[in-house]
Amino acid sequence: MLGLAPVNAQVVGKMFPDMEAQTADDKKVQLPQDTKGKFTLLGLAYSKKSEDDLNTWFEPVYSKFIQKPKGLMAGMGYDVNVYFVPMFTGINAAATGTVKRKAIKSVDPLLLPYILFYKGELKKYKEELEFDRRDTPYFFVLDPTGKIVYATSGAYSDEKMDAVEGVLD
């Protein structure tokens, strides 16, 4: 089937590189250290165009992994960390505060705890995570130890979500 092969498959099996990011209320989060113990879905974007595609994942990921459906018994559903990470690097790093304030005003308050802001160097992540297309968001599923068990990129699709779920099941 077309579209089901994981993009960036060569990073699968590697540990996710250390990254320090901040929540909208300036709390530091160390990835993957602070997510160890359960699976984690990370979405990273480092350009305006890639952020647009990253945003296509918000609602489906929220519905599938964050929102607790009514009527489900305890223990049903997924217990997974989820973070969307806009990355501000180089000249764009100066805009981090402005973008963060804008996000606080414009993003659904239910989603804000799942958005982390990264400000710093990009080179390390481009090399270790094989970001080869600037205008594309990248998604990684980490196992409970922080190892990448699935990688894909681009706008949301049902096939990509099925693949993510397949790794988590």
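The values are calculated or read from the model by the stated rules, or taken from the named source; none is laboratory data. All values reported here derive from a predicted model rather than from experimental measurement. All Cβ positions, glycine included, derive from the backbone under ideal geometry; neighbour counts span all protein chains shown. Keep in mind that these areas ignore ligands, DNA and RNA; they rest on the heavy atoms of the full protein, side chains included. Shrake-Rupley method; radii C 1.70, N 1.55, O 1.52, S 1.80 Å.
Laid out as a table, the results:
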quantity	calculated
For the range 150-163, 3J(HN,Hα) per residue [Karplus equation, 6.51 cos²θ - 1.76 cosθ + 1.60, θ = phi - 60°, Hz, x = Gly/Pro]	7, 9, 8, 8, x, 5, 4, 8, 4, 4, 5, 5, 4, 5
Around G166: net Lys/Arg minus Asp/Glu count, Cβ-Cβ under 15 Å	-4
Relative contact order, percent, the range 17-61 [alpha-carbon distance under 8 Å, six or more residues apart]	23 percent
Relative contact order (percent, whole number), the chain, Cα cutoff 8 Å, 6+ residue spacing	39 percent
Probe 1.4 Å, accessible area per residue of the chain, Å²	53 Å²
Dimensionless Rg ratio for the chain, taking C-alpha atoms and the 2.2 N^0.38 Å reference	0.99
Square roots of five times the Cα gyration tensor eigenvalues for the range 81-169, Å	24, 18, 12
Dipole of the chain [Lys/Arg +1, Asp/Glu -1 at C-beta], most positive-end residue of M87, L54, G77	M87
Antiparallel content of DSSP bridges confined to the chain, in %, to 5	65 percent
